[in-house]
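The structure under discussion appears below in the form of structure tokens.
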Amino acid sequence: MGALSGLLVVRPGPLTTVQDLGRRGVAHLGVPRAGALDEPALRAANRLVGNEPGAAGLETTLGGVALRALGPVVVAVTGAPSPVRVDGRAAAWGAPVAVPAGAVLEVGAATAGVRGYLAVAGAIAVPPVLGSRSTDLLSGLGPAPLAAGDRLPVGPPPPDRPRPDLVPLPAPPAELVLRLRLGPRADWFEPSALTRLARDGYLVSPAGNRIGLRTEGPPVTRARAGELPSEGMVLGAVQIPPDGRPVVFLADHPTTGGYPVIGVVPAADLAAAAQARPGTPVRFVLLRER
């Protein structure tokens, strides 16, 4: 591609960030993982345009984004379903779309779910930081969230390879079901509280973000008082803060924390958490060790 290839941000949307599959293996440095909250959706968008699965794309939040192509590009939008237009004309969602030089690609507000993923053939070629191009909202690493007037470089076209016309993805959840493997601090809670955690209903709170999914519902009661010294946190850890409402840690979670972790949600369940809108019912399913 020529020197003018890339994308110009016309409308950044409420929160649009550059994301790939995150910073792996640097938690010992105090650096969060970051990366796409809905990894299967980013991988699918990259497959549709011929990129490697972990290539950097854009993650939108509820309100979409508008970009002007500075050169001809091929894009795909997946994740939260949303209208897609090129210079005002309807275009496909979940399939490759050719955008001519000078045209404006608009991804509208999500009609379901929360986070959309836009991949461009050649990938978003911002400089990597600690092996990733992802924006990390907690530590501030990586590029800042998009702002109007930003220019996003696009890498050279990927090699020709078979590309699917469609990549099936699950719909955003009407009910968010999260499996929960108990520990390491389940003994800090009343046995009856664990039973109620699996029985009582929760809702996704509007206070959540890329750091964690917060819930609304009955508090989980402790069996002991006091606080823990800070200890390591992992993706999917379910921390119980002083108000007793579970918080599920997502990609931008801190690497340490002092509130007790009652259990860990498997990574496979977190893509659905990324797409659960505020008010979505949440159900925890306890995984008992055999």
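Values quoted throughout were computed directly from the atomic coordinates according to the rules given, and no laboratory measurement underlies them. No experiment lies behind these values; they were computed from the predicted model shown. Here Cβ is always computed from backbone atoms with ideal geometry, including for glycine, and neighbour counts include all displayed protein chains.
Observations on the model:
- Computed from Cα atoms alone, the Kirkwood hydrodynamic radius reported for the chain is 19.7 Å.
- Fraction of antiparallel bridges per DSSP, segment 17-140 only, in percent to nearest 5: 100 percent
- Centroid-to-centroid, using Cα positions, segment 95-129 and segment 32-60 are 11 Å apart.
- At q = 0.14, 0.18, 0.25, 0.26 Å⁻¹, base-10 log of I(q)/I(0) for segment 219-280 (Debye sum, equal scatterers on each alpha carbon): -0.42, -0.68, -1.13, -1.19
- DSSP beta bridge pairing in the chain, given as percent antiparallel to the nearest 5: 90 percent
- Sorted fewest first by neighbouring Cβ atoms within 10 angstrom, Asp136, Asp269 come out as Asp269, Asp136.
- Cα-based radius of gyration for segment 176-287, normalised by 2.2 N^0.38 Å, reads 0.95.
- When each of Phe284, Phe189 is scored by the number of other beta-carbon atoms lying within 10 Å, the sequence from fewest to most is Phe189, Phe284.
- The loop-placed trypsin sites (Lys or Arg not before Pro) in segment 203-285, going by DSSP, that have at most 14 neighbouring Cβ atoms within 10 Å of their Cβ come out as Arg224.
- Largest-first principal axis extents, alpha carbons of segment 7-152, Å: 48, 27, 27
- R0 of 41 Å, Cβ-Cβ distance Ala174-Arg224: FRET efficiency to nearest 0.05: 0.65
- With each label modelled as a point 7 angstrom along the Cα→C-beta vector, the Arg85-Arg181 pair spans 4.7 nm.
- Rounded to the nearest 5, the antiparallel percentage of DSSP beta bridges internal to segment 176-287 is 75%.
- Rounded to 10°, Cα long-axis angle of helix 39-49 versus longest principal axis of the chain: 10 degrees
- Theoretical ellipticity at 222 nm over the chain - DSSP helices of four or more residues, -39500 (n - 2.57) apiece, nearest 500: -2500 deg cm²/dmol
- Sequence of Val65, Val247 once ranked by neighbouring C-beta atoms within 10 Å, starting from the fewest: Val247, Val65
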